[in-house]
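Notes follow the structure.
The values are calculated or read from the model by the stated rules, or taken from the named source; none is laboratory data. For clarity, every value in this text was computed on a predicted model and none was experimentally measured. Neighbour counts are summed over all protein chains in view; Cβ atoms, including those assigned to glycine, are modelled from backbone coordinates with ideal geometry. We work out accessible area using only protein heavy atoms, side chains counted, and drop any ligands, DNA or RNA first. Shrake-Rupley method; radii C 1.70, N 1.55, O 1.52, S 1.80 Å.
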Number of protein chains: 2
Amino acid sequence: MLSKKAQYAFRALAHLVEHYDSGPVLIAEIAKKKRIPLKFLESILLELKKNNILESKKGKGGGYFLKKDPSQTYIATVIRIVDGPISLLPCVSLYFYQRCKNCNEKHCGLHDIMKSVRDATLNILEKRTLKDLI
Amino acid sequence: MLSKKAQYAFRALAHLVEHYDSGPVLIAEIAKKKRIPLKFLESILLELKKNNILESKKGKGGGYFLKKDPSQTYIATVIRIVDGPISLLPCVSLYFYQRCKNCNEKHCGLHDIMKSVRDATLNILEKRTLKDLI
DNA sequence: TGAATACCCTACCAAACCAATAGGGTATGA
DNA sequence: TCATACCCTATTGGTTTGGTAGGGTATTCA
């Protein structure tokens, strides 16, 4: 399951996609419109900024906005930033790989199954983008 | 990610598949062979028994064994018992459905994306069985 | 029949994580 | 220079995870 944090992130990003091209959006505005706890949202947006998804402007007239065109940010990327691994097992993860202590990856049934699941999942999440959120 | 509990469950089930047709297997034997904490394993097997995956026999010569042929128990079923929902959002879950408070499922981009992921995932996990573990 | 066997049940615990809050600090621009 | 609005650190309550402890109960076989 995606965490609440990730769900908030996508709701906020959807708002920013809707307001793409109309300048920075206030955290407070997003929080109010999308009913997200303000301070929690603040930390989420900051994290997305640090990871190159968002850009911000301080001071009067400031706010958050998308760094790239909505079609250039993949859903998978956002999930990895906010929630971490997408795979069901560490030993089949591409970005968070850890080897199994107790199974031989060369012939482990579970490993093979979870690898198929990963491929099927990424085939969707690495094609769909923020543009698809609205 | 699958919890450690689920990973233990699959390791234990794999052992039981390997010993299908050779009578009950001791918890202690599984624990030792698969390096799983004994008491933790005990609770996992009990839960699988209560959910119709395993059968047990008490007393001398007793132990655990698969209730059905390995090809008749689906990976998805085991995950749902041990870890709960497979879907990434409650609003697209088949067995653990909860409606979204903040999105309209009829036209919510995230909803659609996660539904595709669910379908792709279940297409694998509801076809593969315990037999595929070995 | 009784004792050893082996599953069954309840309770508890520490560590980690999740969701959220608090309270300022710092850069910006009018 | 001051209000604005993002930036940063710390803390907190609650839940989940992973695991331990200890005894209860049913079964089998000598």
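A few points about this structure:
- Solvent-accessible area lost on pairing B with A (1.4 Å probe, both sides summed) amounts to about 2600 Å².
- The GNM of chain B, with springs linking C-alpha atoms under 10 angstrom apart, assigns the highest mean-square fluctuation among B:Leu122, B:Leu88, B:Leu26 to B:Leu88.
- Within the accessible area of segment A:4-66, the carbon and sulfur atoms contribute 53%, probe 1.4 Å, all protein chains present.
- Karplus-derived HN-Hα couplings along segment B:117-134 (A = 6.51, B = -1.76, C = 1.60, θ = phi - 60°), whole Hz, x at Gly and Pro: 4, 4, 4, 5, 5, 5, 4, 8, 5, 9, 10, 6, 10, 4, 4, 6, 6, 10
- Residues of segment B:79-103 buried by at least 50 Å² of accessible area upon assembly of all protein chains, compared with the chain on its own (1.4 Å probe): B:Leu88, B:Asn102.
- Counted charge near B:Asn52, where neighbours are those whose Cβ lies closer than 14 Å (Asp, Glu -1; Lys, Arg +1): +2
- Looking down the axis that turns chain B into chain A, the chain B residue with its beta carbon nearest that axis, and the gap rounded to whole angstrom, comes out as B:Ala120, 2.
- For the set A:Leu46, A:Leu125, solvent exposure ranked by accessible area (probe 1.4 Å, protein chains only) runs largest to smallest as A:Leu46, A:Leu125.
- Measuring only protein heavy atoms, the 1.4 Å probe finds A:Cys91 accessible over about 10 Å².
- Computed over segment B:1-119, the alpha-carbon pair-distance distribution with 5 angstrom bins reads 2, 10, 20, 19, 14, 9, 8, 7, 5, 3, 1, 0, each value a whole percent.
- Heavy-atom accessible area order for A:Asp112, A:Asp83, largest first, 1.4 Å probe: A:Asp112, A:Asp83
- Radius 13 Å from Cβ of A:Asp83, net charge of other residues (Lys, Arg +1; Asp, Glu -1): +2
- Carbon/sulfur fraction of accessible area - segment B:88-134, other protein chains in place, 1.4 Å, %: 49
- When Rg and the Kirkwood radius Rh are both evaluated on Cα atoms of segment B:51-134, their ratio Rg/Rh stands at 1.15.
- Shape category assigned to segment B:4-66 from the gyration tensor of Cα positions, a/c cut at 1.5: rounded
- Taking the centroid of alpha carbons for each part, segment A:1-48 and segment B:1-61 are 45 Å apart.
- The protein assembly as shown - Debye-derived log10 I(q)/I(0), Cα point model, q = 0.08, 0.10, 0.14, 0.15 Å⁻¹: -0.41, -0.60, -0.95, -1.04
- Heavy-atom accessible area for A:Asp69, with the other protein chains in place and a 1.4 Å probe, reaches approximately 70 Å².
- Applying a threshold of 29 Å to the alpha-carbon distances of A:Lys5/A:Lys57; A:Lys67/A:Lys127; B:Lys33/B:Lys57; A:Lys115/B:Lys58 flags A:Lys115/B:Lys58 as lying beyond it.
- Accessible surface for A:Tyr74 stands near 90 Å², nearest 10, in the context of the full protein assembly shown (1.4 Å probe).
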